[in-house]
Amino acid sequence: MPHSASIEISQLSKHFPAGPTRIPAADNLSITCDPGTMTAVTGPSGSGKSTLLHLIGAIEQADSGTILVDGEDITSMRRSRLEAFRRSVGFVFQRYHLLPALTALDNVLAPLIPHRVAFDKVARARELLDAVGLGGRYNALPGELSGGQQQRVAIARALVGRPRLLLADEPTGNLDSRTGETILDLLIQLRTEQGAPTMLLATHELRLADACDRIIHLTDGRIVEDTAATRVG
Ligand SMILES: Nc1ncnc2c1ncn2[C@@H]1O[C@H](COP(=O)(O)OP(=O)(O)OP(=O)(O)O)[C@@H](O)[C@H]1O
Ligand SMILES: [Mg+2]
């Protein structure tokens, strides 16, 4: 049964070397997200949005700090446990990362192939491609799809395993406004379902950010504004 993850990030930092100096891509970040909430991460290019999502998805390793997902610290997890954790997360990458030799349908199915699941995989994959408006393109290769269509396949792929956490990096970034609207509706619709994933979305788009419960604004890897915190404080 799918459920929604809780997230508790404490004093999270990540630096990247840049010549003689180091760039703080995440600078002492502390963020708590309740299960089922939808959080927008905004900020200028280079402010650390992708880095934050990569750290939460355990794609990148932090220098320091902790990330508790459902109470379990993923920064100190063993490799075998980490693999299981990654499977419970849906990730939409900023640059889609579709497998070029696989059809749209097979790309959506790819995360499930080595695993037993308690639902009909192909039916679920088709249903998700239908939902993102690609019902007629099951057998198209990524190279035959536009950037926005590839983005939509990537969103379907992120959702196919019924993740407890959905991390989406610019999910509407390459879409025309009408398709962007469709994706936004899809994400909002998703929230009405029981056990909908907790969502963190990196976005430049106000329309998408406004649909979230909360907006975290980053600059140089630091939180400069957090609407949820503002409301509380
Ligand atoms: N692998 C890497 N090696 C070196 N520096 C990196 C690496 N990844 C990110 N950075 C640096 O970390 C900072 C934050 O990058 P990040 O990609 O998280 O920003 P972003 O907010 O997602 O930007 P954009 O809106 O352009 O996607 C930037 O200064 C970037 O150059
Ligand atoms: Mg980015």
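For segment 136-157, indicate whether the set of residues that are touching a Ser or Thr at 6+ places or on another chain (Cβ under 6 Å), farther than 22 Å from P44 by Cβ and buried (at least 22 other Cβ atoms within 10 Å of the Cβ) is non-empty.
no
What do you reckon, is A104 modelled with pLDDT of 95 or more and over 14 Å from the mean Cα position of the chain (by Cα)? Spell out how you get there, then give the answer.
Details: modelled with pLDDT of 95 or more: yes; over 14 Å from the mean Cα position of the chain (by Cα): yes.
Here the answer is yes, as A104 does meet what is asked.
Check every one of the strands (runs of 3 or more DSSP E) wholly within segment 155-233 and list those with 2 or more residues that are in the same structural domain as S64 (by TED's automatic domain parsing), of a type in the set (A, V, I, L, M, F, W, C) and more than 16 Å from A5 (Cα to Cα). Steps first, please.
Numbers: elements: 165-169, 198-202, 214-219, 222-226.
Per the criteria, 214-219, 222-226.
Every residue, every condition in (1) among the small types (G, A, S); (2) under 28 Å from E181 (Cα atoms); (3) outside any loop (DSSP other than H, G, I, E, B), yes or no:
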{"residue": "S80", "(1), (2), (3)": "yes, no, yes"}
{"residue": "E83", "(1), (2), (3)": "no, no, yes"}
{"residue": "F91", "(1), (2), (3)": "no, yes, yes"}
{"residue": "L98", "(1), (2), (3)": "no, yes, no"}
{"residue": "L105", "(1), (2), (3)": "no, yes, yes"}
{"residue": "L109", "(1), (2), (3)": "no, yes, yes"}
{"residue": "F119", "(1), (2), (3)": "no, no, no"}
{"residue": "V122", "(1), (2), (3)": "no, yes, yes"}
{"residue": "L128", "(1), (2), (3)": "no, yes, yes"}
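Which of the residues belonging to segment 17-57 are touching a Lys or Arg at 6+ places or on another chain (Cβ under 9 Å), assigned to a strand (DSSP E or B) and away from ligand 2 (no atom under 13 Å from the Cβ)?
P24, D27, N28, L29, C33, M38, T39, A40
List every residue pair whose Cβ atoms sit under 7 Å apart, with the two residues 6 or more apart in sequence or on different chains, where the first one lies in segment 34-58 and is without any contact (Cβ under 8 Å) to a residue 40 or more places away in the chain and the second, anywhere, is part of a helix (DSSP H, G or I).
Between residues of segment 34-58 that are without any contact (Cβ under 8 Å) to a residue 40 or more places away in the chain and residues that are part of a helix (DSSP H, G or I), the close pairs are A58/I74; A58/L82; A58/F85; A58/R86.
In segment 54-89, how many residues are at positive phi, within 16 Å of ligand 1 (Cβ to nearest atom) and over 18 Å from the mean Cα position of the chain (by Cα)?
Here the count works out to 1.
Kindly list the number of the only condition in (1) more than 22 Å from R191 (Cα to Cα); (2) surrounded by 14 or more Cβ atoms within 10 Å (Cβ to Cβ); (3) more than 17 Å from the chain's Cα centre (by Cα) that fails for T51.
(3)
Does T192 satisfy the condition of being polar (S, T, N, Q), at pLDDT below 95 and away from ligand 2 (no atom under 16 Å from the Cβ)? Full working, then the answer.
On the way: polar (S, T, N, Q): yes; at pLDDT below 95: yes; away from ligand 2 (no atom under 16 Å from the Cβ): yes.
Yes.
Within segment 197-211, which residues are crowded, with 23+ Cβ neighbours inside 10 Å and farther than 16 Å from L52 by Cα?
Of everything in segment 197-211, those that are crowded, with 23+ Cβ neighbours inside 10 Å and farther than 16 Å from L52 by Cα turn out to be P197, L208.
The values are calculated or read from the model by the stated rules, or taken from the named source; none is laboratory data. Only a predicted model underlies this, so the values are computations on that prediction, with no experimental measurement involved. So basically every Cβ, Gly included, is an ideal-geometry build from the backbone, and we count neighbours across all protein chains shown.
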